[in-house]
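Q: Please read through the structure below; I'll follow up with questions.
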């Protein structure tokens, strides 16, 4: 029996992805998420052609689902007996869901202070979760965990799912489907604003547009803008200083998903910025939180903080003249609001909710 | 400027819905959610043609988004200046998001013990929320709230959004798009299992298939199965006793969204069951929780408890011989797992998450 759904979602583009046989396909309906036009924010900013790509509406609430679908399909194709990986949360919830569907165990290593709601989203699918001392703070520990994952995977015939081109180049090809979808609905935008943690999302989006330029499906590239927290702006600083490598330094960002002091796909990010005529932009966490709230209040779009950094980046780029008000701009909303229950509490705890009787209505 | 997206989601079927002008359309990309085939549960049950319609992947995590999109579009079409309604949670989060997008204030009345995570999902969009004493327990209070909502809406030129055909028949037409999508992807199934609270979801799904039978797009109707908690099985008991009206009685169900002792669309539910050759089925809350967990663990689908009652109903119907193992069966997964954070905690709090050093991997 097939898991079906070939021919929908990311599988519409199966011929542009690594080969998976019909019977090994693992899908939960990932991809083909809405691209919605800004209704009020774009107008107010003087950026009327502003669009939001709602990756938050993927099956487990983030773009990671595109990668997991391909990763688990490839794992089954190759007869792997389990998955293993690391996560700050979203990749873990995603791989956990797809591994459950595929019937493969999933071993995942997380930082001790992982957001509780993200941990729970992994555990509902019965993944085997281990908290690693020092992970997320100490970059040496992080590097050691990556290497151990690789070693264990190779020794056991397991699939290593670390959502970076540096570790899982085949599965990461699935990110390109974001660009294919944008191109189909909108044509080539002038600029695409992308949250950057490890850099794989940005690299995949650029790679998708590059493929279409080569094949003639597109006649130009959009500028790709790398949006990082100023508390973890290693790539943006490296770009600004013309180093073509990240500036070292710990993360002080409070935003989950983009606290990555050693981005594994740094090289690909720099080439994407160069090739596309793009740029890097660093945003205060406060600015990102501000635009997260405005997205909910003015557009009806509730995303996690990291999902709003692209909008904060677009606003800043417009102010700095890096993009023009006539540009067609796509902001990638990478993850859903429910990912970060703590932040939702902060956003709503001061709301006044009176208790009344029905007579007082 | 248009909010665009006409031509996608529920708006693919615009000509079969109440008229909305292009410039009044309010959309967040609702509808067109995945219909995924069961991979492991169907096989184990001996029901290989089992499908899940993932309404949980709508913009705010429930099928209510289809209704809200049409309701807010109609509100703008008719020059309404605000929305008003009641909710157990999902309709509130949905209308709050769409009202935010449309730029209309939203006044919403909720029960005092509303699930905190559902309340927060309403508040992030800056809706005006009021807790009403006794609502959700006392059916007289519930009735009075409904009437007050209607009165205030009429007096102020506000849109009353109560997601029932009895109160918002035009907006409820949007539910039919679920059936249109199923028919397009799968043809007419043999049976569709639907969670029943107020009954509007079931009535709308039956109405969609009936429309297609009349227009010749379908040649038969699927059996519609009404799935209620045995702690609030007023319709199912009424059906079993041949009364064609609900058996009165308070709700003792612990499952949010289906605790509706006085279902406003009861009459439509009874005619749907009659016309379709369907039936009602009552499930213990424990059975629904059990299948909610199995959906997460065996299929990678994380829904709220009410979203799993249709699967519990299909399993029971198979055991009772009301459906056969060869039938093509669609289960409506009405809402997302993140809706009920408390339940997620219960599902995961006993998981063992060891803390290790990187050397111990």
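The values are calculated or read from the model by the stated rules, or taken from the named source; none is laboratory data. Everything numeric here is computed off the predicted structure, so don't read it as measured data. Reconstructed Cβ throughout: ideal geometry from the backbone, glycine too, with neighbour counts over all protein chains shown.
Q: If residue B:195 satisfies all but one of (1) modelled with pLDDT under 95; (2) in contact with a strand residue (DSSP E or B) (Cβ under 6 Å, 6 or more places away or on another chain); (3) outside the structural domain of residue B:78 (by TED's automatic domain parsing), what's the number of the condition it fails?
A: So residue B:195 meets the others, but not (1).
Q: Further, regarding this structure: So, of the residues in region A:240-270 that are within 29 Å of residue A:218 (Cβ to Cβ) and out of contact with any helix residue (DSSP H, G or I) (no Cβ under 8 Å at 6 or more places or on another chain), which turns out to be modelled with the highest pLDDT?
A: Once the filter is applied, the top-ranked residue is A:267.
Q: Tell me which residues, restricted to region B:122-148, are at the interface with chain A (Cβ under 7 Å from one of its Cβ atoms) and modelled with pLDDT of 90 or more.
A: The answer is B:123, B:124, B:125, B:126, B:129, B:130, B:131, B:132, B:133, B:144, B:145, B:148.
Q: Here is a follow-up. What is the number of the single condition among (1) over 26 Å from residue A:34 (Cα atoms); (2) touching a helix residue (DSSP H, G or I) at 6+ places or on another chain (Cβ under 7 Å) that residue A:302 does not meet?
A: (1)
Q: Continuing with the same structure: Considering (1) part of a helix (DSSP H, G or I); (2) under 30 Å from residue B:325 (Cα atoms); (3) without any contact (Cβ under 8 Å) to a residue 40 or more places away in the chain, say which one residue B:188 fails and leave the rest.
A: (1)
Q: Can you name every one of the helices (runs of 4 or more DSSP H) wholly within region B:222-309 that holds 1 or more residues which are within 25 Å of residue B:44 (Cβ to Cβ) and either in contact with a strand residue (DSSP E or B) (Cβ under 7 Å, 6 or more places away or on another chain) or assigned by TED's automatic domain parsing to the domain that holds residue B:41 (or both)?
A: Values: elements: B:234-240, B:266-276, B:285-294.
Answer list for region B:222-309: B:285-294.
Q: Here is a follow-up. Among the residues of region A:300-309, is any surrounded by fewer than 21 Cβ atoms within 10 Å (Cβ to Cβ) and away from every other protein chain (no Cβ under 14 Å)? It would help to see each step written out before you state the result.
A: Within region A:300-309, the subset surrounded by fewer than 21 Cβ atoms within 10 Å (Cβ to Cβ) is none.
No, region A:300-309 has no match at all.
Q: Please verify whether region B:183-192 includes one or more residues that are surrounded by fewer than 22 Cβ atoms within 10 Å (Cβ to Cβ), under 17 Å from the mean Cα position of the chain (by Cα) and closer than 22 Å to residue B:18 by Cα.
A: no
Q: Tell me which of these residue A:113 doesn't satisfy, since it passes every other one: (1) at the interface with chain B (Cβ under 9 Å from one of its Cβ atoms); (2) out of contact with any strand residue (DSSP E or B) (no Cβ under 8 Å at 6 or more places or on another chain); (3) free of Cβ contacts under 8 Å to residues at least 24 places away in the same chain; (4) more than 24 Å from residue A:20 (Cβ to Cβ).
A: (1)
Q: Restricting to region B:204-252, name every residue that is without any contact (Cβ under 8 Å) to a residue 24 or more places away in the chain, buried (at least 21 other Cβ atoms within 10 Å of the Cβ) and under 15 Å from residue B:271 (Cβ atoms).
A: B:246
Q: Looking at region B:333-355 only, could you name the residues that are surrounded by 13 or more Cβ atoms within 10 Å (Cβ to Cβ), within 7 Å of chain A (Cβ to nearest Cβ) and not in a helix (DSSP H, G or I)?
A: B:351, B:353
Q: Looking at B:87, B:27, B:60, can you tell me which residue is within 8 Å of chain A (Cβ to nearest Cβ) and under 15 Å from the mean Cα position of the chain (by Cα)?
A: Values: B:87 fails: within 8 Å of chain A (Cβ to nearest Cβ); B:27 fails: under 15 Å from the mean Cα position of the chain (by Cα).
B:60 is the lone residue from the list that is within 8 Å of chain A (Cβ to nearest Cβ) and under 15 Å from the mean Cα position of the chain (by Cα).
Q: Mind telling me which of the residues B:76, B:101 ends up being surrounded by fewer than 24 Cβ atoms within 10 Å (Cβ to Cβ) and within 13 Å of chain A (Cβ to nearest Cβ)?
A: Numbers: B:101 fails: surrounded by fewer than 24 Cβ atoms within 10 Å (Cβ to Cβ).
Answer to the check: B:76.
Q: Exactly one condition in (1) assigned to a helix (DSSP H, G or I); (2) in contact (Cβ under 8 Å) with a residue 24 or more places away in the chain is false for residue A:151; which is it?
A: (2)
Q: Conditions: (1) within 13 Å of another protein chain (Cβ to nearest Cβ); (2) within 23 Å of the chain's Cα centre (by Cα); (3) surrounded by fewer than 24 Cβ atoms within 10 Å (Cβ to Cβ). Residue B:18 meets all but one. Number of the miss?
A: The single condition residue B:18 does not satisfy is (1).
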